[in-house]
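Visitor: Attaching a single structure in structure tokens format; questions to follow.
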Amino acid sequence: MEYRLGTGLKIKDKGETVSLACPKCNEKVNFHVFSNIENRLNVKFPFIKTSNVYFLICPKCASIYTVDEMKGKTFDKGEKLSIGNFDFKTLKEFKNGND
């Protein structure tokens, strides 16, 4: 299985969350938050749409979850409580066009 977390080459560390329960290992941990840029081609002007992808990694079991871009931006501005237990999204498997 392959997962894609943005298209940029540089992953930025955004800090740690408050103590949250990991959905996989059920431990209360401080998730590490990272971001990456995602560029997509658009049919209309502007032809390249840029957005940020925010993802969290559990330090106990190494599970990876994503959150909405708005939640990530709010967290990036210093609001540590913007990401909660119900904001986690599981990763979608990357489908290559050659498969």
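Visitor: Does K44 satisfy being under 19 Å from G6 (Cα atoms) and basic (K, R)?
Guide: The answer is no for K44.
Visitor: I've got another one for you. Which residues, taken from region 1-17, are touching a residue at least 12 places away in the same chain (Cβ under 8 Å) and either out of contact with any strand residue (DSSP E or B) (no Cβ under 7 Å at 6 or more places or on another chain) or acidic (D, E) (or both)?
Guide: M1, E2, Y3, R4, K10, D13, E16
Visitor: Taking into account only those residues within region 74-85 that are more than 15 Å from S19 (Cβ to Cβ) and within 14 Å of the chain's Cα centre (by Cα), which is most open to solvent (accessible area, probe 1.4 Å)?
Guide: Filtering region 74-85 for residues that are more than 15 Å from S19 (Cβ to Cβ) and within 14 Å of the chain's Cα centre (by Cα), the one most open to solvent (accessible area, probe 1.4 Å) comes out as D76.
Visitor: Give the residues of region 11-28 that are under 20 Å from L91 (Cβ atoms) and among the hydroxyl-bearing types (S, T, Y), sorted by residue number.
Guide: T17
Visitor: A follow-up question, please. Which condition does T17 not pass, out of (1) open to solvent by 90 Å² or more (accessible area, probe 1.4 Å); (2) at pLDDT 90 or above, if it passes all the others?
Guide: Answer for T17: the failing condition is (1).
Visitor: Same structure again: Is there any pair linking a residue in region 74-94 that is touching a residue at least 12 places away in the same chain (Cβ under 8 Å) and farther than 16 Å from N26 by Cα to one that is of a type in the set (S, T, N, Q) and not in a helix (DSSP H, G or I), with Cβ under 6 Å and at least six apart or on different chains, and which?
Guide: I83/T17
Visitor: Further question: What is the one condition in (1) under 14 Å from L5 (Cβ atoms); (2) exposed (fewer than 14 other Cβ atoms within 10 Å of the Cβ); (3) modelled with pLDDT of 90 or more that K28 does not satisfy?
Guide: Unmet condition: (1).
Visitor: Taking region 3-42 as the region of interest, how many residues are in a strand (DSSP E or B) and either touching a Cys at 6+ places or on another chain (Cβ under 7 Å) or closer than 22 Å to L81 by Cβ (or both)?
Guide: Residues in region 3-42 being in a strand (DSSP E or B) and either touching a Cys at 6+ places or on another chain (Cβ under 7 Å) or closer than 22 Å to L81 by Cβ (or both): 18 in total.
The values are calculated or read from the model by the stated rules, or taken from the named source; none is laboratory data. Computed from a predicted model, the values in this text were never measured in an experiment. Methodologically, a virtual Cβ is constructed for each residue, glycine included, from the backbone with ideal geometry; neighbour enumeration extends over all protein chains shown. These accessible areas exclude ligands, DNA and RNA; they are computed on the full protein's heavy atoms, side chains included. Shrake-Rupley method; radii C 1.70, N 1.55, O 1.52, S 1.80 Å.
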